[in-house]
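*Asks:* Dropping the structure in here first, questions after.
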Amino acid sequence: MHLSDGEIKAYQDQELEINSQQRVVAHLDTCTRCQQRNKVLNDLSQKLTTDLNALDPVTKNKFSSANTAHNWLTARLQEKETNNMWKKITSPQARPVWIGLVIVILLAISMTFAPVRAIANSFLGLFRVEQFTIVQVNPADLPEQLGSSSQLEYLLTQNLQIEERGEAYQVADKNEASQRVGFEVRLPTGMIKPLNSLDVQPGGQVTFVVDSARVQLILNEIGRSDIQIPEEVDGALVTLEIPDGITTQYGNCEYDLERLREAGYDPDDPKIPQLPDCITLVQLPSPTITAPTELNLVEIGEAYLQLLGMSAEEAHEFAQKVDWSTTFVVPLPNYGTAFQDVSVDGVSGVLISQELDEHTSQFMLMWVKDGIAYVLTGPGGKSTALNIARSLR
Amino acid sequence: MSLTRKRKLSNIEHSSEQESTDFDSLFYQNWDRICEILYRLLGEWDEAQDIALETFMQLYQHPPKSKDNLNGWLYRVATNLGFNALRARKRRKFYENRAGLIILENNSPGQPEMNLEQLQKQERVRHTLTKIKSRSAKLLILRHSGLTYAEIATALKLSPGSVGTLLTRAEREFEKQYK
């Protein structure tokens with residue numbers, strides 16, 4: 001049997017194992033046809049090498065040493081981390097939520113202390129999310145300066161620290177999931193779509209050290225210079241604690257991001273398609289905020305709502321109805337979304353729905369039960385969402 | 001900042017593959033070689049370095065799930081980014097002006113060794129690489145840059161036994177297009 005082109009090429013390139021090499025040499029000694037083929041392929045290879053040699057560097061070592069490049073890489077990563085965080089925070093989708101969170105923290109600190117009161121950790125109170133309330137927000141109504149505030153950017157990078165406790169990892173079943181996270185995990189029953197992932201998502205902690213002078217500069221920048229920061233709050237520590245949680249996915253939830261990245265995809269500027277077959281459930285103990293006590297929460301809430309675009313009167317009226325110590329007021333961009341209060345899992349929850357087109361809609365259902373916050377998303381409407389929530393065991 | 005303490009690297013460091021699991025080791029092992037590959041593709045030191053850095057940034061920030069073949073992943077991503085840049089350049093009709101511009105730019109500081117004929121040949125070779133099949137072009141550039149069949153197979157997710165055959169096809173494809 002004659003040699004294949006691949007064998008001859010590997011022989012020429014000295015890429016054959018020793019046994020194969022000996023076999024090819026022996027065959028070439030006796031086979032005229034393969035000798036001719038060997039010459040043809042060798043000529044082709046020589047020609048190609050000559051052509052590609054044109055691309056070789058004329059002078060050596062024109063690029064920087066690995067040490068220098070490593071320093072560049074370190075600097076660029078630092079810069080990118082800063083930019084990415086800022087970009088994500090100020091993206092149209094994320095901006096209301098993140099800005100809202102930051103503003104709440106800023107205002108909580110800035111407006112609530114009796115000026116003469118000393119700051120100490122013993123004054124810290126614990127606020128736990130027990131329910132959700134939605135406020136629809138038109139991002140265009142947010143203070144324009146928020147997205148371009150250099151002072152806020154500085155504060156977010158210097159005074160705000162985000163600690164993630166590791167990457168998500170898969171667990172085998174509900175029992176293992178419960179053991180890992182320390183609460184009883186519940187999963188939907190009777191799902192038609194297959195379970196394709198059950199992951200522990202390690203939590204994290206966001207800490208914010210108040211730099212009162214800078215907070216004042218930011219408030220000035222966004223047109224709220226009427227709010228004065230007591231100097232005593234300088235250096236106070238506010239902590240947002242996000243416990244370990246569980247994420248589950250049913251149906252087709254794969255974007256194959258890895259393949260996209262390898263193809264040059266920019267994961268920091270994603271254009272991700274909708275996933276009409278994907279249902280997700282996230283559950284975790286309610287996040288908590290530790291912050292100085294004696295907060296005038298209603299006043300903070302009012303300012304927060306005004307920053308989200310409400311008039312002073314609307315904000316005042318709305319703020320009176322909310323228990324700000326236990327309610328996470330979720331700013332919801334008004335991009336074709338609707339929301340309603342629903343009874344779910346024996347408690348009160350919030351259903352957000354969005355029409356993707358004439359025939360397709362998707363939902364996000366949020367509720368808190370027995371100290372565990374649940375967020376369920378997927379295709380369909382209210383009945384689909386409530387049926388899945390009802391089936392949790 | 002230490003590159004090895006941050007969160008994204010934790011899953012590289014904890015990989016079972018001992019030799020090339022540490023990010024810094026991967027960087028120092030592969031920096032020169034990746035720069036040379038990218039230089040061959042792009043013909044400019046600065047751009048080659050820039051894309052090499054981008055490759056390592058992607059590894060740092062978005063490492064692949066599987067840590068078995070990080071070297072292969074690096075060469076795959078580097079060549080993809082390099083060819084993307086080459087095609088983008090083509091889209092800007094870069095070729096129409098480039099040779100003349102480089103000659104002007106390099107009259108004094110750059111590459112006095114390079115004459116117009118060499119530059120034109122370079123551009124013709126690069127143009128040909130963008131015209132043939134993407135996998136063929138990557139095979140040729142990686143092999144010409146000194147990667148072994150095993151390394152090429154890992155980088156391009158091929159069976160090692162098929163590399164010889166595919167290289168021969170790629171060479172024919174190139175020469176046919178180059179004529």
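*Asks:* Below 12 angstrom from the Cβ of A:Gly380, what's the summed charge of the other residues (Lys, Arg +1; Asp, Glu -1)?
*Replies:* Local net charge: 0.
*Asks:* Residue by residue through the stretch B:55-61, what is 3J(HN,Hα) from phi via Karplus (6.51 cos²θ - 1.76 cosθ + 1.60, θ = phi - 60°)? Round to whole Hz and write x for glycine and proline.
*Replies:* Listing the rounded values in order: 4, 5, 5, 5, 5, 5, 8 Hz.
*Asks:* For A:Asp56 and A:Ser391, FRET efficiency with R0 = 56 Å and r from the beta-carbon atoms, rounded to 0.05?
*Replies:* That pair, A:Ser391 with A:Asp56, gives E of 0.30.
*Asks:* Still on this structure, I have one more. Given H placed on each backbone N at 1.01 Å, which residues far from A:Ser197 in sequence or on other chains put an amide H within less than 5 Å of it?
*Replies:* A:Gln249
*Asks:* For the pair B:Asp46/B:Lys179, report the inter-label distance in nm, with labels modelled 7 Å from Cα in the Cβ direction.
*Replies:* It is 4.0 nm.
*Asks:* Excluding B:Ala137 itself, calculate the net charge of residues whose Cβ lies under 10 Å from the Cβ of B:Ala137, where each Lys or Arg counts +1 and each Asp or Glu counts -1.
*Replies:* Residues near B:Ala137 contribute +4 overall.
*Asks:* What distance in nm lies between label points placed 7 Å from Cα along the C-beta direction at A:Met191 and A:His316?
*Replies:* Each label point is offset 7 Å from its Cα along the Cβ direction, giving 4.8 nm.
*Asks:* Let me check I've understood the local charge: for A:His70, count other residues with C-beta under 14 angstrom from its C-beta, Lys and Arg +1, Asp and Glu -1. What total comes out?
*Replies:* Net charge in that neighbourhood comes out at -2.
*Asks:* Just from the alpha-carbon atoms, what are the Rg and Dmax of the stretch B:125-179 in angstroms?
*Replies:* 10.6, 31
*Asks:* From the backbone phi of the stretch B:26-43, what are the Karplus-calculated ³J(HN,Hα) couplings (6.51 cos²θ - 1.76 cosθ + 1.60, θ = phi - 60°) in whole Hz, Gly and Pro given as x?
*Replies:* Each residue's phi maps through the Karplus curve to give 4, 4, 5, 5, 10, 4, 4, 5, 5, 4, 5, 4, 5, 5, 4, 5, 10, x Hz.
*Asks:* Which of the peptides B:49-58, A:380-389, A:203-212 is most tightly packed, and how do the rest follow, going by the mean number of other Cβ atoms within 10 Å of each residue? Intermediate results must be reported in sequence, preceding the final value.
*Replies:* Details: B:49-58: 21.9, A:380-389: 16.8, A:203-212: 18.5.
Per-residue Cβ counts within 10 Å, averaged per peptide and sorted highest first, yield B:49-58, A:203-212, A:380-389.
*Asks:* Now, a different point. Identify the residues of the stretch A:347-390 with backbone N under 20 Å of a label point that sits 7 angstrom from the Cα of A:Asp323 along the Cα-to-Cβ direction, or state none.
*Replies:* Under cut-off, by backbone N: A:347-351, A:366-375.
*Asks:* Grab the Cα-Cα distance for A:Glu164 and A:Arg180, subtract it from 0.36 nm times how many residues apart they are, and report the gain in nm with one decimal.
*Replies:* Using 0.36 nm per residue and subtracting the Cα-Cα distance, I get 4.1 nm.
*Asks:* Right, another one. In the structure shown, do any of A:Lys9/B:Lys179; A:Lys174/B:Lys67; A:Lys193/B:Lys67; B:Lys67/B:Lys133; A:Lys174/B:Lys65 have a Cα-Cα gap over 25 Å, and if so which?
*Replies:* Beyond 25 Å: A:Lys174/B:Lys67; A:Lys193/B:Lys67; B:Lys67/B:Lys133.
*Asks:* Summarise the partner chain shielding of B:59-67 as one whole number: the mean count of Cβ atoms from other chains within 10 Å of each residue's Cβ. Write out the running numbers ahead of the final one.
*Replies:* Numbers: counts 0, 5, 7, 7, 3, 4, 3, 1, 0.
So the per-residue partner count for this stretch is 3.
Every number in this text was worked out from the coordinates using simple rules, so none of it is lab data. Bear in mind that the values here come from a model prediction, so they are computed numbers and not experimental data. Heads up, the Cβs are rebuilt from the backbone with ideal geometry, glycines too, and the neighbour counts pull from every protein chain shown.
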